[in-house]
Amino acid sequence: MDKMIVLSGNSNKLLADKISAALKVKQAKALVSRFSDGEIRVKIEENVRGKDVFLIQSTCAPVNENLMELLIMLDATRRASPFRITAVIPYFGYARQDRKDQPRVPITAKLVANLLTGAGASRVLTLDLHAGQIQGFFDIPLDHLYSINAFVDYFKKAKVNNNLVVVSPDVGGIKMARAYAKRFRAGLAIVDKRRNAPDATEVMHILGEVKGKNVIMVDDIIATGSSLVEAAKALRKGGAKKIYAAVAHGVLSSNAIEKIEKSDIDMVVVTDSIPLDSKKKSKKVKVVSVGKLFADAIKRIHFEKSISVLFESIGS
Ligand code: R5P
């Protein structure tokens, strides 16, 4: 692996450390700081000429800072003549702005894809995109990982695997929920949700039987917490017993933690694609690492091997 270089921005040092530890590759030194006026200052401190570079950065909050840091690091790296640069983006921000659903709105996910390519990424490695179609926004190869195996192992180890129903908190998440239901040999239910404002959802109906069942809601993102908290309320009303959630990206914005604490949800498990800062800690929120998954994928990309063996195919 002497041709491999692992670099990291500042957004998720903890996960970058886990990935490089699992790879047994020391991270290359890079200065990623700020000039006195707040502009981002980058200097890659090692020779990357002819190297296979993996640059790890989640574009989580502060999203614009972290995205810009990634773009500038890409630019610095590509000007140093590497063989290839893979942007490793465990959490891909702006993914929810992926279509023109109102007049005069941007498709920011596509803009970000263009920026990444323009800045020098040769390929992208990411996890649980909000919508699979975002892959098509890139004209460079994109490898898409899923956290399903990490979550299924977590719940099985925690002995949360009987009398279960897997719940999709919205219609868009059915495919993923079905994959979980198959893995747990559990039933499937769907919450019919309506979003009245960016931070307010209303549950219309529950499709499926949850009475007397333990439920696991599966979702890609928990941001304000509104979707899951409202869904949990409806599930409890419908007679659900324990209520759990498996969520790939713990954005946990606004007063999400407070809402979770007061909610009917017994436990939310998120991955470490986004670091949980001290203000976001709660006894109800647990973290499962995707460090090993990313390390395995990076190794496979480096050695030109298939990566689909690393995750369950979500299918159609
Ligand atoms: C929606 O389509 C997503 O899958 C999530 O359900 C949503 O982004 C969560 O947002 P919030 O936590 O603010 O309800």
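The values are calculated or read from the model by the stated rules, or taken from the named source; none is laboratory data. Bear in mind the structure is a predicted one, so any value in this text is a computation, not a measurement. Please note: Cβ atoms are built from the backbone with ideal geometry, for glycine as well, and neighbour counts cover all protein chains shown.
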Of all residues in segment 258-271 being within 12 Å of the ligand (Cβ to nearest atom) and assigned to a helix (DSSP H, G or I), the one that is farthest from the chain's Cα centre (by Cα) = 259
Could you list all residues from segment 36-81 that are in a helix (DSSP H, G or I), in contact (Cβ under 8 Å) with a residue 60 or more places away in the chain and not acidic (Asp, Glu)?
-> 70, 73, 77
Among residues of segment 191-214, those that are within 16 Å of the ligand (Cβ to nearest atom) and either surrounded by fewer than 18 Cβ atoms within 10 Å (Cβ to Cβ) or within 20 Å of the chain's Cα centre (by Cα) (or both), counted | 10
Residues that are modelled with pLDDT of 95 or more and in contact with a strand residue (DSSP E or B) (Cβ under 7 Å, 6 or more places away or on another chain): find the helices (runs of 4 or more DSSP H) completely inside segment 108-203 holding 3 or more of those.
-> 148-157, 174-184
Over segment 83-115, the set of residues buried (at least 22 other Cβ atoms within 10 Å of the Cβ) and more than 16 Å from the ligand (Cβ to nearest atom) is 85, 86, 87, 88, 89, 90, 112, 113
Of those in segment 219-255 that are more than 20 Å from residue 195 (Cα to Cα) and touching a residue at least 40 places away in the same chain (Cβ under 8 Å), the residue nearest to the ligand (Cβ to nearest atom) is 248
Given the structure, is residue 136 farther than 30 Å from residue 299 by Cβ and away from the ligand (no atom under 16 Å from the Cβ)?
-> no
Hey, can you tell me all the residues within segment 174-190 that are surrounded by fewer than 21 Cβ atoms within 10 Å (Cβ to Cβ) and within 13 Å of the ligand (Cβ to nearest atom)?
-> 174, 175, 190
